[in-house]
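What follows is a set of notes on a single structure, which appears directly below.
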Amino acid sequence: MNIAISATPAPHGWVVFLDDWQVNFNHLEDAQAFIGRLKARIDAPHAWPVPPERNVFAQPVPAPEVDAMAR
């Protein structure tokens, strides 16, 4: 993710760009605090999802018996 701060003309003084998304701020300090929180959350450890256990080796369903004489 690309994160950048840019000064803009009124009505807002600062814009934080997050790739194609923009967030407007009136003060540079607020924009910097937002980026600090965002980076901390991105860099925080995240647990990988664990799929539920599956019984892969289940008993096979027996095939129906076929009467050889019925053919």
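Among the residues of region 1-45, those that are in a helix (DSSP H, G or I) and surrounded by 11 or more Cβ atoms within 10 Å (Cβ to Cβ) comprise LEU28, ASP30, ALA31, GLN32, ALA33, PHE34, ILE35, LEU38, LYS39.
LEU28 meets all of the listed conditions (1) among the hydrophobic types (A, V, I, L, M, F, W, C); (2) at pLDDT below 75; (3) in contact with a strand residue (DSSP E or B) (Cβ under 9 Å, 6 or more places away or on another chain) but one, namely (2).
Which residues, counting only those in region 19-39, are hydrophobic (A, V, I, L, M, F, W, C) and under 11 Å from ILE5 (Cβ atoms)? Before you say what the answer is, go through the steps one by one.
Within region 19-39, the first condition is being hydrophobic (A, V, I, L, M, F, W, C), and the residues that meet it are 21, 23, 25, 28, 31, 33-35, 38.
Correct list: VAL23, PHE25, LEU28, ALA31, PHE34, ILE35.
The values are calculated or read from the model by the stated rules, or taken from the named source; none is laboratory data. The model shown is predicted, which means the values in this text are computed figures rather than measured ones. Here Cβ is always computed from backbone atoms with ideal geometry, including for glycine, and neighbour counts include all displayed protein chains.
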